[in-house]
Amino acid sequence: MENQKLDGRKRGNIEIGAEVEIVQKHHQRTGELTEGFVKRILTKSPNHPHGIKVMLETGEVGRVKSVIVEEL
């Protein structure tokens, strides 16, 4: 099954426990993605042009590039 990906620039697409791909600050140049599950949503505004900032369960912080939605 192909997973669907939601836009990480909209806060409404992200919830606690969601599986996401983020770019950490020190990986912004390379665009290296880190996959994980959202522990906390750090951005208060409903949208952000570079992605909503979150903390993963691993403690890593970055901006969401995409939210992974598993197809049933």
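For the chain, the square roots a ≥ b ≥ c of the C-alpha gyration tensor eigenvalues yield an a/c under 1.5, which makes the shape rounded.
Multiplying the sequence separation of residue 3 and residue 37 by 0.36 nm and subtracting their Cα-Cα distance, what value in nm do you get? Please report the intermediate quantities before stating the final value.
Values: separation 34, 0.36 × 34 = 12.24 nm, distance 1.54 nm.
Length difference between fully extended and current span is 10.7 nm.
Positive end of the dipole of the chain, charges at C-beta (+1 Lys, Arg; -1 Asp, Glu), about the Cα centre: which of 3, 37, 52 has its Cα farthest in that direction? It is 52, whose Cα lies furthest towards the positive end.
Pairs of Lys residues in segment 4-69 that lie 8 or more places apart, or on two chains, and have C-alpha atoms under 13 angstrom apart add up to 9. So, R0 is 22 Å and r is the distance between the beta-carbons of residue 47 and residue 19; what FRET efficiency does that work out to, to 0.05? Using R0 = 22 Å, I get an efficiency of 0.60.
Laboratory data are not the source of any read-out in this text; all were calculated from the coordinates shown. What you see is a predicted model, and the numbers here were worked out from it, not measured in a lab. Here the Cβ is made from the backbone with ideal geometry for all residues, glycine too, and neighbour counts use every protein chain on show.
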